[in-house]
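Beneath this line is the structure, given in C-alpha cells, with notes to follow.
The values are calculated or read from the model by the stated rules, or taken from the named source; none is laboratory data. Computed from a prediction, not measured in an experiment: that's the story for all the values here. With ideal geometry, Cβ positions are generated from the backbone for all residues, glycine too; neighbour counts draw on all protein chains shown. With ligands, DNA and RNA removed, areas are computed over all heavy atoms of the protein, side chains included. Shrake-Rupley method; radii C 1.70, N 1.55, O 1.52, S 1.80 Å.
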Amino acid sequence: MAQSDEAQVVIVGAGIAGLTAAIALDRAGLEVLVVERATALTQAGTALSLWPNALAALEEIGLRQAVTGIGIPEPTGVIRDSSGRMLITVNQNLLSQDTRAQTLIVRRSDLQHLLLDDASHLPIRLNTPAERIALQRDSATVTLAGGGSLRASVALACDGIQSISRTLVDNPPLTYRGRTSWRALLDGRSALAPTATLTVGGGNQFIAGPLRDGAVYWAADVSLPEGANNAMEDRKGFLKQVFRTWHDPIPELIELTNNDQLVIADFYDSIPRRLTAGRVALLGDAAHPMTPDLGQGACQGIEDAVVLAACMSNVNDPLSALAKYESLRLQRVRHVVRSSRRLGQLATSTSTVVVGVRNIASRHMPQRINASIAARFASEDAFRRTLHRL
C-alpha cells in the first residue's frame, strides 16, 4: 500500500451503516473507499427488524424491493409475562397503517450479503484496521494499523461502539445498561414460534419469532453486571437456569441451541453531543449506540447513511454538507436513544409497583395509541420529514 492513498470519501467499517453509506454515496456520484478490520465479512446468526423508516431510506437508493425479498413481514405479536399470561396483542395491521408499511424481519447475514453484492464494484479493503483519524483544514487522514494512510476529503466512521473517532467529537463515554443478550437462530423450528412474542419478568426478557425458510430467531436479555458473561463456563446452562420456569417454548428453544450458536453482547448506549468534527462524520453505532428495545439500531444507521449521501450530493462544500447532516440527524437520534433506554428500563424493571402499573396499563392501552407512538420514530414519514428539510 502506498504511504498516502487518496479518495474522495473514506469509510471506516463495512457493517450495515458503512456499506449503506458506500452504496448511497456511489449512487450520488462520489468516489468512495471502504476499509474494514475483519479478514472476512461474515455475520453471526442473528436477526433484526427493518422498520418502515429504514425501508423508506433504502427506497431512496433503490434497495427496498431487494430487501423485501430477503425478509418476512413481522407477524402480529404478543407480549406476555413469564407464566404466559397475555399482556398485549400487537396489531400489525393497525401499526402498518400508521407507519405506512409493514416491518420486515431479516437475517443480519442476508442483509449484509445483499449490501455487499450491491457494493461489489466498489473498493473494499479487508484486513485493513484503521488506527486513527486526524483532521486537517482541507482533508481528513486515516492512519492504518499496518502502516500507511489514506487521505480523503471526508472520512466516515462506521466502526461500531468502540469507534476510533468518538474522542474526535467529544461524545459521552459508553454507559453499560445492566443487561446482557444471548441470541441465536434455529433452522427448521418455525412451529415453535409461529408468532412474534416478547416475554418479560424478573428484570429479564425473551423474544422469539419466525424467519423466512422455516427458521426461528430468539433473544434472551438478562440483567447482569458488566462482563459477567465472560466468566461463565456454561453459558447455555446459565440461560436454562434463568428461564427454566418460563412458559413454552422458551426452555425448549434454549435446549435446542448449541453453545457455538450463541451470539452474546453486553448492552451499552450513549446520547451523542455531536455527529461530526470538521471533515469527519460518525454513523450508526459509532455515532449513537443504543439498546435494542425499539429495534432501531440498524434502522438509524441506514437513515444516517442515506441522509449523509443526500447532504453531500446537494451541498457542494464538504464542511457545510457534514454540518447539514448533523443538523438533520442529531435531534432525531438523541430522541431514539433516550426512548429506547426508557423502554428497556420499563420492560426490565424489578419493582413490583412499576411492574404492576406497567402490566395494567399495557392491557388497557388502546392499540391506536401504541401505533401512534411507534409512528413518531419508525414510520416512513418520520424519515421522509428529514429529507424534506434538505
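Things to note:
- Boolean, residue 331 is free of Cβ contacts under 8 Å to residues at least 24 places away in the same chain and within 20 Å of the chain's Cα centre (by Cα): yes
- Candidate set: region 273-319, residues that are basic (Lys, Arg) and farther than 15 Å from residue 11 by Cα; chosen: the one most open to solvent (accessible area, probe 1.4 Å): 273
- In region 175-188, the residues that are under 11 Å from residue 257 (Cα atoms) and open to solvent by 50 Å² or more (accessible area, probe 1.4 Å): 183, 187
- Whichever residue in region 145-202 is charged (D, E, K, R) and over 19 Å from the mean Cα position of the chain (by Cα) and, among such residues, is nearest to residue 273 (Cα to Cα): 170
- Exclusive hit being part of a helix (DSSP H, G or I), under 30 Å from residue 173 (Cα atoms) and within 21 Å of the chain's Cα centre (by Cα), set 264, 302, 271: 302
- Test result for residue 244, open to solvent by 20 Å² or more (accessible area, probe 1.4 Å), over 30 Å from residue 153 (Cβ atoms) and of a type in the set (Lys, Arg): yes
- The set of residues from region 211-228 being buried (at least 18 other Cβ atoms within 10 Å of the Cβ) and touching a Phe, Trp or Tyr at 6+ places or on another chain (Cβ under 8 Å) comprises 211, 218, 219, 220, 221, 222.
- Region 214-231, residues that are in a loop (DSSP other than H, G, I, E, B) and under 14 Å from residue 181 (Cβ atoms): 224, 226, 227
- Scanning region 54-74 for residues that are open to solvent by 30 Å² or more (accessible area, probe 1.4 Å), part of a loop (DSSP other than H, G, I, E, B) and under 13 Å from residue 106 (Cα atoms) yields 69, 74.
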